[in-house]
């Protein structure tokens, strides 16, 4: 009986999700959350060191079901993954650069485009969405990195944007020519 009680405690949804669900009408379901998080992937052309760090973010996102306060940590981790991937893509000459100049380089060099993001319904040739990322990504990351008491639940959206961003930086295996 005690074992059953412990298992029940371990599988309990964080109460914060329930409270937010009372406002939004939506409460996460662990099975659906797991399926969704599992569907957000990086292709095999992305270096293993980046895929490994991305998987850490995915696991954190899954565990925020049990501990709501992990959501901003997941978001921060996605920015770290993007910055790391940008450094690898840019090469050794860019090691000291921070997120903003690296995102600026990705946009100006055409490494990313609106068409590569699943959340962009109508991709524009002028890459308006990517231009917006350039303007806001650094501010959002810094807000998380430098401390905040804000808890935002959209860590899954951050995972999707991270995956779409990073997947564009590296060639897919079927297009590798070397």
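The values are calculated or read from the model by the stated rules, or taken from the named source; none is laboratory data. Please read these numbers as outputs of a predicted model, since none were measured by experiment. Here the Cβ positions follow ideal geometry from the backbone for every residue, glycine too, while neighbour counts run over all protein chains shown.
Return the total of residues in the stretch 135-159 being surrounded by fewer than 18 Cβ atoms within 10 Å (Cβ to Cβ) and at pLDDT 95 or above.
0
Among what's in the stretch 55-75 and is more than 14 Å from the chain's Cα centre (by Cα) and part of a helix (DSSP H, G or I), pick the residue that is surrounded by the fewest Cβ atoms within 10 Å (Cβ to Cβ).
69
Just checking, how many residues over the stretch 105-134 are surrounded by 15 or more Cβ atoms within 10 Å (Cβ to Cβ) and more than 19 Å from residue 157 (Cα to Cα)?
5
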